[in-house]
1. With a Förster radius of 51 Å, plug the Cβ-Cβ distance of Thr489 and Thr655 into 1/(1 + (r/R0)^6) and report the FRET value to the nearest 0.05.
2. Can you tell me the length gained on complete extension of the stretch Ala121 to Ala526, counting 0.36 nm per residue apart and subtracting the Cα distance?
3. Working out 0.36 nm times the residue gap between Leu326 and Arg509, then minus their Cα-Cα distance, what length gain in nm do you get to one decimal?
4. Excluding Tyr369 itself, what net charge comes from residues whose Cβ is under 14 Å from its Cβ, given Lys and Arg +1 and Asp and Glu -1?
5. Can you give the net charge of the other residues whose Cβ lies under 12 Å from the Cβ of Gly687, counting K and R as +1 and D and E as -1?
6. Please report the net charge: other residues with Cβ closer than 14 Å to the Cβ of Arg508, K and R +1, D and E -1.
7. Round to the nearest 0.05 the FRET efficiency obtained for Asp181 and Ser588 when R0 = 35 Å and r is the Cβ-Cβ distance.
8. Taking H placed 1.01 Å from N in the peptide plane, check which residues at least 5 places from Ala434 or on another chain put their amide H under 5 Å from its amide H.
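The values are calculated or read from the model by the stated rules, or taken from the named source; none is laboratory data. Please read these numbers as outputs of a predicted model, since none were measured by experiment. Every residue, glycine among them, receives a Cβ derived from its backbone with ideal geometry; neighbour counts consider all protein chains shown. Quick note on the areas: whole protein, heavy atoms, side chains included, nothing else; ligands and nucleic acids left out. Shrake-Rupley method; radii C 1.70, N 1.55, O 1.52, S 1.80 Å.
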Amino acid sequence: MTGETSADADAGHGATLADELVVQARRHQAMLDAFQDGWFVTAHDGSVVDANDEFCRIVGFDREHVVGAMPPYPWWSSVPADRIEVQRARAQIIATGKGEFDNLEIRRGDGEQRTITLSIAAIRDSSGRGERFGTIKDVTERVRAQTERDALLANLAEERDRVVRVQATTAALATAATRDDVTEAVLAHGMRAFGARAAVVMLVDEAQRVLVLAGLYGYRRGMFSDLQRVSLDSPSPLAVAVRARRRLEFRDLRDYVDLRPELSVVMQEIGSAGVCVPMLLQDRAVGSLGIAFGDETALSDDALADLENLASLAGQAYDRVRLSELDREIAHVLQHSLLLDVLPETRDAELSARYVSSVAEMEVGGDWYDVIDLGAGRLGLAVGDVVGRGVRAATTMGQLRSALRALALAHDDPGVVLSHLDHFARVTAGAAMATVVYAVYDPTTAGLRYACAGHPPPLLAGPHGVRFLDEGRSVPVGAGIAAERETATATLAGDDMLVLYTDGLIERRGEAIDIGLARLAATLEARLAADAPKGPVASVDDLSADLLEELVGDSATDDVALLVVRSTVRSGAPFHRRVPAEAVQLGSVRRELQRWMTREGIPAAVASEILLAVGEAAANVVEHAYAPAPARGDVEVEARSDGELVEVTVRDRGTWKRPRRDTRRGRGHALMEALMDDVDYTTTSFGTTVTMRRRAFSATAAIDPELRSSLRP
């Protein structure tokens, strides 16, 4: 062994080193083979120098096709977008010598598309060239699972959003008061729940056998100029869904273009896929809902079920609104039939009555007014409000109004009338807590007596200013509370105006009623002040219209009944009446003359004697002025007073006939002369005039008993 040369030693050392390199290479190869990921080595020109079996398995090519492959590698995806991503990754590797890339798409040798991650680093030699070592991992299943998870989460979110939107739409349908409200709820709210690009709602007109357009969503204005009406017998999908009573899904509208050419416009702008769902009410279709989606859009079974439920709810809402509108129309007709069409005519007052329906409420209320001719020139004035709305309220209003009218003709005192009306309201369904103001106006005395049962106070306006009549108040009728109904008094004369109204004229939501009352008073006061330079308000009709315009306008939130009364009785104005010369007409003339004298302040005893004298003169006209003939003439009575002297003229236009022999009936002239201070007779070819005068405050005439006995009955 000692004879071993240095050459032998070097050879042995080399063999050992070679063995170690072999072992080391095998060790590295074993480590590489143990990789669960695929690895590869490329030369500086990109050619594959080496790769393990996993790499070959992932890319789907055997080792013979892998080693030596040059870019573009056969496993690169042919999809342009994917190829761009790969090229971008390669450019980064060339520039930086390394890189890590997620979710790159490749195409295996068998054509299957896979998703990989790529990590690569450069191993450079002294020349700067060298090789690149990289690893790849097949993450197709992971990406697919993540994609499915994301899609599931998106679907759940979409489902949750649809449920929320459908619930919101359902709530909107439940509160919809008009057809437009229902259409708005379906289109503006409901269609977003289903991701619709466009939609159309059409309603069935059974009488015309057509579908009538109710609303559009997502379509350009004018796109469906001929879609206003579609025959129920049409092949249109909207009509087919109604006839079949089931939904109709279509993947391609081109199937219907030959039948409905306008659908080509829909396909161009909206998409060719969609669904038509009938809006069913039990087994009856009230309309059709058509929804258009993009070409690739399809609703899930759950979404389709929700859409059918929504269409059904819409059908119920449309029908409910239809019935409500019918109910409202009936109530309107009933209410207006119960209100006065024509107000009574009277010489002593101007009347104006108005009724305004609420635009906020879809049912009529129980507001009402009435003017009652009580005889002898007196007027009963009433305004009331029944709790509730609709046909029932209108019916109850009619019952209360009729009851008050009957009671007013039987009882003179307003408080008594309301007391009896309270008893009636207690036994009448729907009349509980009704409010009423009732007043009696007597032009003879310019007196106003009134009582209020829970109603806003009357407003009195005139030269003296504006004030509320806040006396004579009590609880509403039918309240079930025993209450004394007092009567208050006021004066209504000489252009004074009385305003009776319901709470809709003054009340505003969230506002104290005192503010509304003050607003009414200020509005009326301003109107009177504006008209003051021109004299009294020209027309109570104009005044009532102005009050409504100023206080309510076109947006009444509640029904309003308004009654305005202006007295035309003026002190010092002469009296004048002309009636047919018939005995039955004289009674009304005497009553009206008596009221005039009362208003002028003539003492009752003097007025009574003046009435006797006038009665004799008028009776003479009836008996003697006109000879028997088919045509009769008139008798005319005029009176005036200056506060001291009363002058009365009785005039005819006839030719007196010879009086009969009746000593008792022939003493009329003597009686008139005894009752009056002065009597003049003037006879011409045009008739006879008797002028009588009497001092207003003179003593009662002393009439011979025998002469008094000749007084006419």
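1. Details: r = 50 Å, r/R0 = 0.99.
It comes to 0.50.
2. 136.4 nm
3. So the chain would gain 63.1 nm between Leu326 and Arg509.
4. Values: positive: Arg354, Arg401, Arg405; negative: Asp341, Asp367, Asp370, Asp385, Asp503, Asp559.
Value of the local net charge: -3.
5. Net local charge, Gly687 excluded: -1.
6. In short, -4.
7. On the way: r = 57 Å, r/R0 = 1.64.
The pair Asp181/Ser588 has a calculated efficiency of 0.05.
8. Under 5 Å from the amide H of Ala434 lie the amide H atoms of Val387, Val477, each far enough along the sequence or on another chain.
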